[in-house]
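Notes to accompany the following structure.
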Ligand code: AMP
């Protein structure tokens, strides 16, 4: 494969690719040699299928996320739309003055997911892209799920808070702006936020 590799994680490799003349992203889950080959393929494919299912639900809920162009389950690959824009992590690092506007959008998009019973599973600013039209897009739903309950939504927000306070601790009030916006846009925000408190206290004593 002579596509350019742009990212390599524990589970997947991301290449810049092309699909019928359109810029695309190829996400491949390579085999793990330490697993039995049958089990390995089954695991990689269930994760691939889960990611596609959650992306499709997110898109149906109006959350901007990549269009799935093609899937190859014999190699555990997804070809998807290449979302053009800037990674939110980089914007916040380089232009912290834009934090308020972006954090309001983050609260809104997470509320949209949760209102539709979808959790992302890995809410970090590296998985958010602000496109050229100022629309916040979400990527990497590999740990996401649908028809979730308050607990999973609480875990989602708790992880976001932790990711935010470690990656952007220098930006005052950023997480609070996210939560204000989440409250305004999420139907059952109070119940989720109470659950976050509960999850936090469980974390303190275990
Ligand atoms: P992932 O393993 O899905 O978290 O992707 C790793 C990195 O690849 C992300 O942080 C992005 O920089 C990039 N990436 C993945 N999918 C896309 C996409 N659909 N559009 C643009 N960039 C992407």
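How would you classify segment 4-81 from its alpha-carbon gyration tensor, with a ≥ b ≥ c the square roots of the eigenvalues: rounded for a/c under 1.5, else prolate if a/b is greater than b/c, otherwise oblate? Cα axes put segment 4-81 in the oblate bin. Name the shape class, rounded, prolate or oblate, that the alpha-carbon gyration tensor gives for segment 73-140, where a ≥ b ≥ c are the square roots of its eigenvalues, rounded holds for a/c under 1.5, and otherwise prolate holds if a/b is larger than b/c and oblate otherwise. Oblate, because a/c is 1.5 or more while a/b does not exceed b/c. Exposure proxy ranking for 146, 48, based on other Cβ atoms within 10 angstrom of each Cβ and starting from the fewest, stands as 146, 48. Working from Cα positions, state the angle (0 to 90°, nearest 10) between the long axis of helix 37-60 and the longest principal axis of the chain. With rounding to tens, the tilt is 50 degrees. Dividing the convex hull volume of the alpha carbon atoms of segment 85-204 by its residue count gives 97 Å³ per residue.
Full extension of the chain between residue 191 and residue 98 yields a length gain of 30.5 nm, computed as 0.36 nm times the residue separation minus the alpha carbon distance. Taken along its principal axes, the alpha carbon cloud of segment 42-108 reaches lengths of 46, 24, 20 Å, longest axis first.
Structure remark: mean-square fluctuation, Gaussian network model of the chain, C-alpha springs under 10 Å; the largest value among 181, 169, 126 belongs to 169.
Simple spin-label estimate for residue 67 and residue 22 gives 0.3 nm between the two label positions (7 Å along the Cα-to-Cβ direction from each Cα).
Its DSSP H runs of at least 4 residues, each contributing -39,500 (n - 2.57), put the calculated 222 nm mean residue ellipticity of the chain at -15500 deg cm²/dmol, to the nearest 500. At a temperature of 25 °C and a viscosity of 0.890 mPa s, determine how fast the chain diffuses translationally according to Stokes-Einstein, using the Kirkwood radius over alpha-carbon pairs as Rh; express D in µm²/s, rounded to the nearest whole number. After rounding, the answer is 137 µm²/s. Mean separation of Cα pairs under 8 Å and 6+ residues apart, divided by the residue count of the chain: what relative contact order is that in percent? Relative contact order here is 19 percent.
Taking other C-beta atoms within 10 angstrom as a stand-in for reagent exposure, 103, 137 fall in the order 137, 103, fewest first. When the chain is treated as a Gaussian network with alpha carbon springs shorter than 10 Å, the biggest mean-square fluctuation among 177, 165, 124 belongs to 165.
Between the Cα long axis of helix 150-167 and the first principal axis of the chain there is an angle of about 90°, rounded to the nearest 10.
Structure remark: mean-square fluctuation, Gaussian network model of the chain, C-alpha springs under 10 Å; the largest value among 104, 60, 189 belongs to 60. For the chain, the longest principal axis of the C-alpha atoms and the axis of helix 99-115 are separated by about 70°. Ordered by the count of other Cβ atoms within 10 Å of each Cβ, fewest first, 118, 135, 179 give 135, 179, 118.
Readers should treat all values here as calculations from the given coordinates under stated rules, not as data from a laboratory. Computed from a prediction, not measured in an experiment: that's the story for all the values here. FYI the Cβ positions are ideal-geometry reconstructions off the backbone, even for glycines, and counts take in every protein chain you see.
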